[in-house]
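First the structure, in the form of structure tokens, and then the observations on it.
The values are calculated or read from the model by the stated rules, or taken from the named source; none is laboratory data. Every value quoted in this text rests on a predicted model; they were computed, and no experiment measured them. Here the Cβ positions follow ideal geometry from the backbone for every residue, glycine too, while neighbour counts run over all protein chains shown. The accessibility values were calculated without ligands, DNA or RNA, using every heavy atom of the protein model including side chains. Shrake-Rupley method; radii C 1.70, N 1.55, O 1.52, S 1.80 Å.
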Amino acid sequence: MKSNQLVSFITYGCKVNQFDTDKIISNLPENFTVIDDISLSDFCIINTCTVTDNTDNQFFKDLKRIKKINPKIKVLVTGCLAQTSPDKLSKLKNVDFIVDNANKYLIPKVIKEPDNYQNEIVSNIFDIKTFDDNYQNLKEDRSRAFLKIQDGCNYRCTFCIIPFARGRSRSMKVSEIIQKINELYSLGFNEVVLTGIHLSSYGKDLNITLIELLNIIESDTDMPNIRLSSIDPADTSIDFIDSICESKKICPSFHISLQSATDEILKDMKRRYKINIFDDLIKYIRNKIPHACIGTDVITGFPGETNVLFERTFDYIKNSELNYLHVFPYSDRKGTKASMRNDKISDYEKKKRSKLLRSLSSDLKNNFASRFIGKELVGIKEKNNKIRTNNYIDVIIESEIYNPGDIGTVLINKVENNKVFGKIINPQIQ
Ligand code: SF4
């Protein structure tokens, strides 16, 4: 084996997966260097996502491409597809190693001494009971840090494969979270995004609530901005919203997953709320924090979603307090209850509905941003002449000297062609 080894990474899917990749990188042996160029790499580590067909298909395409570019490269596949479908992966000749989520921590050792490990390292994800990801993303070129504080999910939405890929819900200890956030602040980060597979379940295994955690972060850290990733309406109480309203650190930006705006489909999905609960929640937020950005996820073409049901979802969203959507056409995941139904919706119809909702999302986004023309908003500077405001508007700014990650105030000038333009008026208010 060469003394200096080159390794490249491909990561699909959510922020949690990106976080896991960063953790692997941070634990690589000293003689391993991360590069982007697959043609020069000794290893390629692919961290998969299996939440939809699209991500699976992208992985299969990339796998072929990698071995074509570099036939000698060793490919190690990890992540959610490795956890849920190791048998499928073991039949692929382009895969050299399979290491599932339960054993991800072994990857640095596997690539250091590949001869000492079997080609397939898989075990039962439900055996993992404690949170062991005491690590955060420390990459200097990022404007904000992501801190994974929770993993797994104990629910069983009928379309979702995630619990089988990630196991039971488990949370990072409060003391470790506080320590990590303080470390991030001392390293110069002004914003931390708290992420998890089902963030709203944070603390259920530790006998503490997410509200209590946020209160402790508020009092025990100097981090100026705290952002939350997606939360579940079923676990979001009025008290929770009140405590965010009172916070000086938690960004006024909410991502609350809806999936469908009809009770019939929500019931079939085994979601734990009805549309009126969701609606009351977002109206309450809007009333309490008028400038808050509220976004959601929607699945189109869930089995049994007739045109009439889709239209009801569309009309509800159009007239709601929502400001943007993440739209996903329903994707059959083997082993889920929904995949066994015989009233599937055609791909054509799913695409058509997704297109309609994505166009609606653009309108909602533009309408929301337009409300702030002539107003000043505070945000974090990003790379590429952009500032992301605390209420989640990406504003293109004139090129000015600044450092990504700095806090600044931007004056919103105009909204044009789905883009928001502004001018930095205070580059560093820290
Ligand atoms: S709450 Fe439902 S959709 Fe979310 S991760 Fe758990 S099972 Fe999947």
Under-5 Å amide H pairs with H326, H placed in peptide plane, nonlocal only
T296, D297, V298
In whole Hz, what ³J(HN,Hα) sequence does the range 29-45 give by Karplus (6.51, -1.76, 1.60; θ = phi - 60°), x for Gly and Pro?
x, 4, 7, 9, 10, 8, 10, 8, 7, 5, 5, 9, 7, 7, 10, 10, 9
Cα centroid separation - the range 179-231 against the range 315-332, whole Å:
27 Å
Using the Karplus equation 6.51 cos²θ - 1.76 cosθ + 1.60 (θ = phi - 60°), what ³J(HN,Hα) coupling, rounded to whole Hz, does each residue of the range 412-425 give in order, writing x for Gly and Pro?
7, 9, 7, 10, 9, 6, 6, 10, 10, 10, x, 10, 5, 10
Which order do the peptides 408-415, 256-263, 328-335 come out in when sorted by mean C-beta neighbours inside 10 angstrom, highest first?
256-263, 408-415, 328-335
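Rounded if a/c is under 1.5, else prolate if a/b beats b/c, else oblate: with a ≥ b ≥ c from the C-alpha gyration tensor eigenvalues square-rooted, which is the range 209-324?
Working: a/c = 2.66, a/b = 2.13, b/c = 1.25.
Verdict is prolate for the range 209-324.
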Full-stretch length increase - Q179, D127 - with 0.36 nm per residue and alpha-carbon distance subtracted
16.0 nm
The long-range amide H neighbours of A261, using H built 1.01 Å from N in the peptide plane and a cut-off of under 5 Å, are T313
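How much length is gained if the chain between S3 and D263 is pulled fully straight, taking 0.36 nm per residue apart and subtracting their Cα-Cα distance, in nm to one decimal?
Details: separation 260, 0.36 × 260 = 93.60 nm, distance 6.00 nm.
Taking S3 through D263 to full extension adds about 87.6 nm, to one decimal.
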Using a probe of 1.4 angstrom, how much of the accessible area of the range 145-370 is carbon and sulfur, in percent?
51 percent
As an exercise, use a Förster radius of 25 Å and the Cβ-Cβ distance of K283 and S362 to find the FRET efficiency, rounded to the nearest 0.05.
0.65
Along the range 320-333, Karplus-curve 3J(HN,Hα) (6.51, -1.76, 1.60; θ = phi - 60°) to the nearest Hz, with x for Gly and Pro, reads 8, 8, 6, 10, 6, 10, 9, 9, 10, x, 4, 10, 5, 10
Cβ neighbours within 10 Å, averaged per peptide: list 345-351, 312-318, 193-199 in order, most packed at the top.
193-199, 312-318, 345-351
What per residue convex hull volume, in Å³, comes out for the range 5-123 when only alpha-carbon positions are used?
94 Å³
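Could you pull out the trypsin sites (Lys or Arg not before Pro) across the range 41-131 that fall in loop regions by DSSP (anything but H, G, I, E, B) with no more than 11 other Cβ atoms inside 10 Å?
Details: sites: K61, K64, R65, K67, K68, K72, K74, K88, K91, K93, K104, K109, K112, K129; in loops: K72, K91, K93, K129.
Qualifying residues, ordered by number: K72, K91, K93, K129.
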Taking the chain and counting helices only, DSSP H stretches of n ≥ 4 at -39,500 (n - 2.57) each over all residues, the nearest-500 ellipticity at 222 nm comes to -9500 deg cm²/dmol
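Taking 0.36 nm per residue of separation and subtracting the Cα-Cα distance, what length does fully extending E30 through S247 add?
Working: separation 217, 0.36 × 217 = 78.12 nm, distance 4.20 nm.
Working it through step by step, the gained length comes to 73.9 nm.
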Expressed in µm² per second, the diffusion coefficient of the chain from the Stokes-Einstein equation, with Rh the Kirkwood radius over alpha carbon pairs, at 37 °C and 0.692 mPa s, is 142 µm²/s
Starting from the range 215-255, pick out the trypsin sites (Lys or Arg not before Pro) whose DSSP state is loop and whose Cβ has at most 14 other Cβ atoms within 10 Å.
K248
Using a 1.4 angstrom probe and counting only protein chains, how large is the accessible area of I425 in Å², to 10?
80 Å²
Here the cysteines of the chain without any disulfide-compatible Cβ partner under 4.7 Å are C14, C44, C49, C80, C153, C245, C251, C293
Could you work out how far the C-alpha centroid of the range 80-104 sits from that of the range 337-392, in angstrom?
33 Å
